[in-house]
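Nothing in this text is a laboratory measurement; each read-out follows from the coordinates by a stated rule. Just so we're clear, the structure is a prediction, and the values are computed from it rather than from any experiment. Positions of Cβ are generated from backbone atoms using ideal geometry, with glycine treated the same way; all protein chains shown enter the neighbour counts.
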């Protein structure tokens, strides 16, 4: 079975989203992550050509869920927000216990469903750029 393994994160230098492979360097002394995260980009982004490592904000890194969305052929990532066919807003996160991506109700965290249970979803934003969609204050500091 072939599946696309893809990550995205917000660039440290300019805040734009990049997609590609994920890499987190480790401290050679203790083999622990050193706190930096990188997306290895293999496409031409204008200022990045070839296979460059772009440092990203660790808290923004999310994996592609395997689910394609709406008519624009966009991809659903961990941290995205979407509307279902009834107009209800859901968030996407990885559930470690069940080893799968789930949709959660951002206003009631205990309510979740398997992501594959949704036939049609429309990505409307993400938890990093659009916290107001899940009832959180926007912090532009």
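For segment 87-111, residues that are under 24 Å from residue 9 (Cα atoms) and in contact with a strand residue (DSSP E or B) (Cβ under 7 Å, 6 or more places away or on another chain) total 14. Need the failing condition index for residue 112 against (1) closer than 23 Å to residue 22 by Cβ; (2) assigned to a strand (DSSP E or B), just the number. Result: residue 112 fails condition (1) only.
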